[in-house]
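Structure first, commentary second.
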Amino acid sequence: MDWIAFSLLNGIIYGLLLFMVSAGLTLIFGMMGVLNFAHASFYMLGAYFAYTLQGSVGFVPAIVGATLLAGLVGAGVERWFLRRVHRYGHAHELLLTFGLSFVIAELIKLFFGNYPVDYRIPRSLDVAAFVLGQQQYPAYRLLMGAVALAMFAAIYLLLTRTRVGIVVRSAIYKPRMVEALGHNVQLVFMGVFGVGAALAGLAGAIAGAFYTTSPNMALEVGVMVFVVVVVGGLGSLGGAMLASLLIGVLTSVAVGIDRSAADVLAFVGARDWAESVGGLLTLKLSSLAATLPFALMLLILLLRPSGLMGDKD
Amino acid sequence: MRTPLILTGVALLAALPLLVSAGLLNASIQMLIAALFACAYSLLAGRAGMLSFGHAAYFGVGAFATVHAMNALGGSGLLPTPLMPLVGAVAGLGFGLVAGWFATKRSGTVFAMITLAIAELLHALAPQLKGWFGGESGVSSMRMPAWGFDFGSTTQVYYLSLAWVLISLAALYFHSRTPLGRLTLALRENPHRLRFLGYDMHGLGVSAFALSAMFSGIAGALQVISNESANYAVFDAGVSASVVLNCFIGGVGSFLGPALGAALMTFFGYSVSDRTQVWLLYQGMLFVLVMMYMPDGLTGLVRATASMVRRHGFARVLPLALLWVAAAALVAAGVVFGVEMLQRLFSQDYRALARLTASPPPIALFGRNWATSALSTWLVPAGLLAAGGLLGWGAARRFGALSPASVTDDEKDASSRESTPVLGLSEQVRA
């Protein structure tokens, strides 16, 4: 039963990674009401920035640099793009960020080619943390999880315990009132957007080295992050955390299960029927793992349309 | 005034096989299909104000239903080849009803995410279900002769596509005139009021979604009839993205805007596809520019120009328009030059070549060799951009000097018109 422990751990860490990306998205959405379609693009930018910097400055400084650069790009997007179209309404902001995500992906393809790049973790970090049964568990995964947890704690403390946090939280609810009290709300918006992008960039820089860094990674993670925020409830940090973990565990456990619906139906003696029907009934759960989060999302929409921890619609 | 214009357009489309080469005719079929797809999308995104980012799903379902029907029926029976798009329509409608029922439970931003997720669900599932979607190689079929046509030539396929596209566009236009179409518009404009009036909001949303999916299914069916095959690549996120881009570049404010945008973009994509590898980048840049500076799309730009001509007279607008066009051309030239240079500089071939030689080899572009390390090379795009920017600045000043009072009026008009497609969404998002 080692694989269960491994799958659970893998799933939790993948979930924490998803949370790192979706936290920024949820934060930005809660603040400006804008779904930032380009958010996962910052994740990708983080990975590519770190890949580029890694050769000249080393791994850890590259990650720090990539985080800052992604944050700067994010702040720039808010300042020079989103702010311009704000007066046209949210749909235009959504479309603009959609266009930007498209342009960023194409630019990445232009500079780095339409194939995965060789971005790897340094050998000094490529060690086993512990051995369970016959298998070694990579320490880097634990590091990823630790970074995500540290980030969650930092955001939480920043938002609830500091003066900046108070201003940010009040700017979410009553931007005009905060402005009247003499705070620069535009700057707060830009800052939150930049921090959100930086978090996504950090996640990308760390995860890109472990998983693959390719021009497709933005779309893959982006879609998963959207599922996370729908399942968790838009605008809720806690919901994002819960949904990320749920989806992470669900996918990584499902990958290990080599059974199909026909095997279950065999208990009631309907295996032959299931095999004659074919299609979905004979597909192994492991090959369906990629589709499970979407199915979960549809289920949640059916039972609880506002998400696990979202407010009433 | 508009009827003769439309009749001329239809006549021109009907005469097209006599005017252009076979290769271009094939591109025309793709343009027609893209135009229909964009119009179907605009029913949902423009008229109903619901942004879907996964419309490839309905296009693809229509395509696969048709290819299976073509194989199963063999062009005989009740559904000969010319009626095959009906299968795509029914499949699109059915799947649209189911997906729409889920998606329209939420509005605004969440709606957009659900549509994206449904499309990705299909995209992830399709390669696994080899029986339905044919795996890597896809499913292929043959166009069977029917009604005295053998559908062997591109011309016949063109007329078949043209007929279906015109009928579908007419139906879509008719929908906008019916009470249902007006209610769909109201769904975008003021959903709260609609609810107070006692209308079934969810039902209305599903109807708009399903109809849009139905016409997308027809577009998918036409694609299959033209290609004689379908592959799960039709579920790709790129297909969904391109219809969004086409639609909004054309402008969702008018009925034919999306169709024109899609036809234009497909045509450009076809004509430059062998000269550049980064056409999608240009398309994305154009989309971002349109979103930022002319939210009504290209048709909105034409309309604004027309209203300026009416107001100030042709003689005063012409130099200004020429100035704008010159500025845009210069900027475009600068961007294209820079991007193409970068593309070649960063391409795999060039890097491999540069590693072999001591000094970086020059890059051939626009019939000349450019030294990559020379400053003069990079001064060309910079100079073009600067000149374009200067001209644009001058044009903006002249525009302001034309008559300040009327300009502000114009802008007020424009902004009130521009904000209409998004009013509904902005309220729903906050709600």
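Given A:LEU202, A:LEU246, A:LEU234, which one is crowded, with 23+ Cβ neighbours inside 10 Å and more than 23 Å from A:LEU45 (Cβ to Cβ)?
Being crowded, with 23+ Cβ neighbours inside 10 Å and more than 23 Å from A:LEU45 (Cβ to Cβ) holds for just one of A:LEU202, A:LEU246, A:LEU234, which is A:LEU234.
Can you pull out every residue in the stretch A:45-64 that is within 17 Å of the chain's Cα centre (by Cα) and within 14 Å of another protein chain (Cβ to nearest Cβ)?
Answer for the stretch A:45-64, where residues must be within 17 Å of the chain's Cα centre (by Cα) and within 14 Å of another protein chain (Cβ to nearest Cβ): just A:TYR48.
With respect to B:LEU162, is the statement that it is outside any loop (DSSP other than H, G, I, E, B), surrounded by fewer than 22 Cβ atoms within 10 Å (Cβ to Cβ) and within 21 Å of the chain's Cα centre (by Cα) true?
So B:LEU162 fits the description; yes.
Being outside any helix (DSSP H, G or I) and of a type in the set (A, V, I, L, M) is the filter; apply it to the stretch A:228-275 and report the residue that is modelled with the lowest pLDDT. Talk me through it step by step, then tell me what you get.
The initial filter retains those residues of the stretch A:228-275 that are outside any helix (DSSP H, G or I), namely A:233-236, A:257-260, A:269-270.
Then keep just the ones that are of a type in the set (A, V, I, L, M); that gives A:234, A:257, A:270.
Working: A:LEU234: 74, A:ILE257: 73, A:ALA270: 67.
It comes out as A:ALA270.
Give the residue that is farthest from B:MET50 (Cα to Cα), with candidates limited to residues of the stretch B:211-231 that are in contact with a Gly (Cβ under 7 Å, 6 or more places away or on another chain) and surrounded by fewer than 24 Cβ atoms within 10 Å (Cβ to Cβ).
Among residues in the stretch B:211-231 that are in contact with a Gly (Cβ under 7 Å, 6 or more places away or on another chain) and surrounded by fewer than 24 Cβ atoms within 10 Å (Cβ to Cβ), the one farthest from B:MET50 (Cα to Cα) is B:SER229.
Here's the yes/no breakdown for (1) of a type in the set (A, V, I, L, M); (2) surrounded by fewer than 17 Cβ atoms within 10 Å (Cβ to Cβ):
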{"position": "A:THR162", "(1), (2)": "no, yes"}
{"position": "A:ARG169", "(1), (2)": "no, yes"}
{"position": "A:TYR173", "(1), (2)": "no, yes"}
{"position": "A:VAL188", "(1), (2)": "yes, no"}
{"position": "A:ALA198", "(1), (2)": "yes, no"}
{"position": "A:PRO215", "(1), (2)": "no, no"}
{"position": "A:ALA218", "(1), (2)": "yes, no"}
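Any chance you could count how many residues in the stretch A:15-55 are under 17 Å from A:ALA240 (Cα atoms), aromatic (Phe, Trp, Tyr) and surrounded by fewer than 24 Cβ atoms within 10 Å (Cβ to Cβ)?
1
Take the residues in the stretch B:253-293 that are within 13 Å of another protein chain (Cβ to nearest Cβ) and surrounded by fewer than 17 Cβ atoms within 10 Å (Cβ to Cβ); name whichever of them is farthest from B:ALA328 (Cα to Cα).
Looking at the filtered set, the residue picked out is B:GLN277.
For the stretch B:346-374, give me the residue count where each residue is aliphatic (A, V, I, L, M), surrounded by fewer than 14 Cβ atoms within 10 Å (Cβ to Cβ) and within 36 Å of the chain's Cα centre (by Cα).
We begin by selecting, within the stretch B:346-374, every residue aliphatic (A, V, I, L, M); these are B:352-354, B:356, B:358, B:363-365, B:371, B:374.
Those left that are additionally surrounded by fewer than 14 Cβ atoms within 10 Å (Cβ to Cβ): B:352-353, B:356, B:358, B:364, B:371, B:374.
This time we only want the ones that are within 36 Å of the chain's Cα centre (by Cα), so: B:364.
Selection size over the stretch B:346-374: 1.
So which residues in the stretch B:94-128 are surrounded by 22 or more Cβ atoms within 10 Å (Cβ to Cβ), modelled with pLDDT of 90 or more and over 18 Å from B:GLY49 (Cβ atoms)?
B:PHE95, the sole residue that qualifies.
Counting only residues that are touching a residue at least 40 places away in the same chain (Cβ under 8 Å) and surrounded by fewer than 22 Cβ atoms within 10 Å (Cβ to Cβ), how many does the stretch A:62-72 have? Give the steps one after another, and end with the answer.
First, the residues of the stretch A:62-72 that are touching a residue at least 40 places away in the same chain (Cβ under 8 Å): A:62-63, A:66-72.
Still in the list and also surrounded by fewer than 22 Cβ atoms within 10 Å (Cβ to Cβ): A:68, A:72.
Total satisfying the criteria: 2.
For the stretch A:144-160, which residues satisfy the criterion of being over 17 Å from the mean Cα position of the chain (by Cα), modelled with pLDDT of 85 or more and surrounded by 12 or more Cβ atoms within 10 Å (Cβ to Cβ)?
Of everything in the stretch A:144-160, just one residue is over 17 Å from the mean Cα position of the chain (by Cα), modelled with pLDDT of 85 or more and surrounded by 12 or more Cβ atoms within 10 Å (Cβ to Cβ), namely A:LEU158.
Could you check the stretch A:74-131 and list, in sequence order, the residues that are more than 8 Å from chain B (Cβ to nearest Cβ), under 24 Å from A:LEU199 (Cβ atoms), surrounded by fewer than 20 Cβ atoms within 10 Å (Cβ to Cβ) and aromatic (Phe, Trp, Tyr)?
Within the stretch A:74-131, just A:TRP80 meets the criteria.
Name the residues in the stretch B:293-318 that are at pLDDT below 80, out of contact with any helix residue (DSSP H, G or I) (no Cβ under 8 Å at 6 or more places or on another chain) and either not aliphatic (A, V, I, L, M) or not in a helix (DSSP H, G or I) (or both), would you?
Across the stretch B:293-318, the qualifying residues are B:GLY313, B:PHE314.
Report every pair of residues separated by at least 6 positions or lying on different chains whose Cβ atoms are under 7 Å apart, first residue within the stretch B:188-201 and in contact (Cβ under 8 Å) with a residue 40 or more places away in the chain, second in a loop (DSSP other than H, G, I, E, B) and not hydrophobic (A, V, I, L, M, F, W, C).
B:ARG188/B:GLY49
Can you tell me which residues in the stretch A:204-227 are at the interface with another protein chain (Cβ under 10 Å from one of its Cβ atoms) and part of a helix (DSSP H, G or I)? Don't jump to the end; show me each part of the working.
If we filter the stretch A:204-227 for residues that are at the interface with another protein chain (Cβ under 10 Å from one of its Cβ atoms), which is where we start, we get A:216, A:219-220, A:222-227.
Scanning the stretch A:204-227 gives A:LEU219, A:GLU220, A:GLY222, A:VAL223, A:MET224, A:VAL225, A:PHE226, A:VAL227.
Which residue, of B:PHE151, B:PHE95, B:PHE111, B:PHE102, is under 22 Å from B:ASN227 (Cβ atoms) and part of a helix (DSSP H, G or I)?
Testing whether each residue is under 22 Å from B:ASN227 (Cβ atoms) and part of a helix (DSSP H, G or I) leaves just B:PHE95.
Does A:GLY145 fit the bill of being more than 14 Å from every other protein chain (Cβ to nearest Cβ), small (Gly, Ala, Ser) and in a helix (DSSP H, G or I)?
The answer is yes for A:GLY145.
B:SER76: surrounded by fewer than 17 Cβ atoms within 10 Å (Cβ to Cβ) and either not assigned by TED's automatic domain parsing to the domain that holds B:LEU187 or not aromatic (Phe, Trp, Tyr) (or both), yes or no?
yes
Go through B:ALA27, B:ALA65, B:ALA72, B:ALA38 for me and flag whichever is in a helix (DSSP H, G or I) and within 13 Å of B:GLN223 (Cβ to Cβ).
B:ALA65
Is there a residue in the stretch B:316-338 that is closer than 26 Å to A:GLY113 by Cα, loosely packed, with under 11 Cβ neighbours inside 10 Å and within 14 Å of chain A (Cβ to nearest Cβ)? Don't jump to the end; show me each part of the working.
Filtering the stretch B:316-338 down to residues closer than 26 Å to A:GLY113 by Cα leaves B:331-338.
Cutting the leftovers down to loosely packed, with under 11 Cβ neighbours inside 10 Å gives us none.
No, the stretch B:316-338 has no match at all.
The values are calculated or read from the model by the stated rules, or taken from the named source; none is laboratory data. For clarity, every value in this text was computed on a predicted model and none was experimentally measured. Note that we place each Cβ from the backbone using ideal geometry, even for glycine, and neighbour counts take in every protein chain shown.
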